């Protein structure tokens, strides 16, 4: 059970980071935004949109990769701190 929960959490984290990246190509909700929030547009690429016009814009992919690595490392540390149940 612990394994399925952790795999689900990692899959959700990966999906969120995929949506933030420039590689999102799915239009799964209307143009008004997810749950009516205009900032959550269906095209993805939010990080590039947030960094547009700043000095960090050319480094969008590097920032995305670093953040993804950091978040997955933190998730691994949290997973390692959870004690396994008897029999696992």
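Things to note:
- Principal axis dimensions, segment 2-81 - Cα atoms, whole angstrom, descending: 40, 31, 18
- Calculated [θ] (222 nm, deg cm²/dmol) that DSSP helices of n ≥ 4 give over the chain, each run adding -39,500 (n - 2.57): -17500 deg cm²/dmol
- Which of 62, 51, 20 has the fewest Cβ neighbours within 10 Å, and the rest in rising order: 62, 51, 20
Here, each number is a calculation from the coordinates, and none is a lab measurement. As the structure is a computational prediction, the values presented were derived from the model and not from experiment. Positions of Cβ are generated from backbone atoms using ideal geometry, with glycine treated the same way; all protein chains shown enter the neighbour counts.
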